[in-house]
1. How much length would be gained if the chain were fully extended between residue 327 and residue 473, taking 0.36 nm per residue of separation minus their Cα-Cα distance, in nm to one decimal?
2. Net charge around residue 100, counting only other residues with Cβ within less than 12 Å of its Cβ (Lys, Arg = +1; Asp, Glu = -1)?
3. Got a sec? How would 409, 126, 327, 136 order by Cβ neighbour count within 10 Å, fewest to most?
4. Once the Cβ-Cβ distance between residue 463 and residue 181 is put in as r, and R0 is 56 Å, what FRET efficiency do you end up with, to the nearest 0.05?
5. Straight-line reach from residue 357: which lysines fall under 17 Å, measuring Cα to Cα and dropping same-chain residues less than 8 apart?
6. For the pair residue 480/residue 307, report the inter-label distance in nm, with labels modelled 7 Å from Cα in the Cβ direction.
7. Set the bar at 23 Å for Cα to Cα. Now go through 247/270; 244/431; 173/240; 138/270 and name every pair that lies beyond it.
8. Between region 230-304 and region 145-200, what's the alpha-carbon centroid distance in Å?
Amino acid sequence: MRGRLPIDGPLRREGEEPPEGGGGPGGGHALNRRGSKERVWRGGGVRTEQSRRDEELARSARLPQQGAARQAGSAPRRSDAMAAPPVAIGSFPRAMIHIDADAFFASVEQARNPELRGRPVITGKERNIVASMSYEAKALGIQRGTPLNEVKRICPEAVLLPSDYETYSLLSKRFFSIVRRYTPDVEEYGIDECFADITGMRRPLKMSYPRIAAAIKEELDTSFGFTFSTGLAPNKTVAKIASKWKKPSGLTVIPGRDIHRYLAGMPVEKVWGIGPHTTAYLNKLGIRTALEFAQKDEGWVQERFSKPFYETWRELNGYSAIGLETEEKETYASIQKVKTFTPPSSDPEFVFAQLSKNVENATMKARRYHLAAHRAICFLKTQDYRGDGAEMRFSRATAFPHEIIRAMEPVFRRLFDPRERYRSTGVVLFKLIDDTITQPDLFGVTARIERVAKVYEAADGIRVKYGKHTLFLGSSFYAHSFAQHLGERGDVPERREDLFKGETARQRLGIPMFLGEVK
Ligand SMILES: [Mg+2]
């Protein structure tokens, strides 16, 4: 749902002269949906009763938490913004909250294992790159995506853990359900962040908007044992800016009339929804800061940018233009199947069969939980710990291995290098949805899906009765017809990446190695 605008009226910006006569469009008044007049206040203009009330609200919005941010020197001072507000439309014509868990995965690990508190904790061990890091690790300069070898060099005392997406996803659901106690309008924006529209909740909750934001944050912080950064603003774009303003554990309130002060020094690429291409274009047009963009004319923006950027521009001007998507159908769990095999292989058929077997196992699990995946990642790992993977997107969610394997074939051909020797393959299913949600369609796709589903249902029944690998797809044949490991796996020593004398990355001594997690 888009375009829920609190005020239908002309947008004005600082420095723009109102037309003669006043009253009409641009005469300093904008009509809102309820038909009441609201003064468009620009710095020194005359203020109406409405804008006085808004100001009072904005004053009451200054919470101690925000004061702390100011003391820390992170919030802008009045002098930072040379300009008056692009458009001032009161404090909270809508009240939108954005909440972002601080270092979510690492925080979960620290919360469930108190021994890890205060220590640099890193998750992502299964992929050999940093997926999430605690603030202790961040302080040492470790960033998301850093290879773990690098981490060990920078910070030998770091605690490296495999991701436990199942737990993260369960806690994520809990996070959203706590926020839903305060308002039904919650958008689960990511595994560790959400938007919540609390417009109209002051009376039922008997709290001001900033108090509601503080109460949600407090409840989250205490029930999880780690912190959530929270921002309150008149719309999603500015709420995002607010939650990011002070991290970790910030609570930042940006009333409509203060937005410009936050935008003044902010590079335009920091604004939610403005990517590198748009940034490059904006820079060419001489726009560097979010405020410079916000202060452009409405017509100027509409002429040059598509609707999403126009909506962003409106939000930077204090309006609420981007609606919430409050459906709760997607789970953030992912299903991962990784298998190593010994000896390493450079036989494409065998390696593909391994991948295919992983897909079969992953989809079997998905079907057991009545889930289907919109996306999947497949990856290959070479014997010297290097990995290469690619993401696949499906036009509809699926838990049928033959569909995923078909999509995977060209991806595999691209990833596979016959000069390499591969050691393990893996597949991750994610963007999982409840597979009971089916949409009727015109071309009989639903009917076909139901028929295929029956086939898999029967196959799954046979597997339950006679064993997991009684039935498998032809594409997995080579993986089933050879042992996963030659020799006893328990004897396989784990080895670091360094090479022995006489070895090259591809030609190594015949010492078996072990790589990655086997589930
Ligand atoms: Mg976060």
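Every read-out reported here was derived from the displayed coordinates using simple, explicitly stated rules and does not represent laboratory data. Since we're looking at a predicted model, the values are computed, not measured. Using ideal geometry, Cβ is built from the backbone for each residue, glycine included, and neighbour counts are taken over all protein chains shown.
1. Numbers: separation 146, 0.36 × 146 = 52.56 nm, distance 3.55 nm.
Taking 0.36 nm per residue and subtracting the Cα distance, the gain is 49.0 nm.
2. Values: positive: 217, 240, 244, 246, 247; negative: 102, 192, 193.
Result for the neighbourhood of residue 100: +2.
3. Result, fewest neighbours first: 327, 409, 126, 136.
4. Values: r = 41 Å, r/R0 = 0.74.
Efficiency computed from Cβ-Cβ geometry: 0.85.
5. Counting by Cα, and skipping residues close in sequence, residue 357 has these lysines nearby: 337, 339, 365, 381, 468, 519.
6. 4.9
7. Numbers: 247/270 15 Å; 244/431 25 Å; 173/240 20 Å; 138/270 20 Å.
Those over the limit are 244/431.
8. Spelled out, the Cα-based centre of one part sits 24 Å from the other.
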